[in-house]
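Chemist: Have a look at the structure that comes next, please.
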Amino acid sequence: MLEEPKRSKRTVTAPTTAGQMSGGRVLSVEVGPDEDVEWIWSHDRERGSRVTGYKIVARVRDRSRASR
């Protein structure tokens, strides 16, 4: 029985905006090879837009690449 090689996890860095303060925000998330991240954003006048959370979802494969 052949074993499939284990794929390593990857680190996805959260997007940032100009002037974003670092306190209490998500910096990065570690995901598996078949996972991706959906970033959750909050918006307000005083602090602007910032990532305040995330959701790990199944990775969607690009069909145009798969057909090559």
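Chemist: Please work out if Gly24 is surrounded by 11 or more Cβ atoms within 10 Å (Cβ to Cβ) and modelled with pLDDT under 95.
Modeler: Judged against the criteria, Gly24 is not a match.
Chemist: Here's something else I'd like to know. For region 2-17, check the following and say yes or no: at least one residue is out of contact with any strand residue (DSSP E or B) (no Cβ under 7 Å at 6 or more places or on another chain) and at pLDDT 85 or above.
Modeler: The answer is yes; a qualifying residue exists.
Chemist: Next up: Which residues, taken from region 42-56, are surrounded by 12 or more Cβ atoms within 10 Å (Cβ to Cβ) and part of a strand (DSSP E or B)?
Modeler: Ser42, Gly48, Ser49, Arg50, Val51, Thr52, Gly53, Tyr54, Ile56, listed by residue number.
Chemist: Determine the pairs where a residue that is more than 18 Å from Thr16 (Cα to Cα), located within region 32-58, has a partner that is among the charged types (D, E, K, R) and surrounded by 10 or more Cβ atoms within 10 Å (Cβ to Cβ) with Cβ atoms under 6 Å apart, the partner being 6 or more residues away or on another chain.
Modeler: Gly32/Lys9; Asp34/Arg59; Glu35/Arg59; Ile56/Glu35; Val57/Asp36
The values are calculated or read from the model by the stated rules, or taken from the named source; none is laboratory data. Here the structure is a predicted model, which means the values were calculated and not measured. Methodologically, a virtual Cβ is constructed for each residue, glycine included, from the backbone with ideal geometry; neighbour enumeration extends over all protein chains shown.
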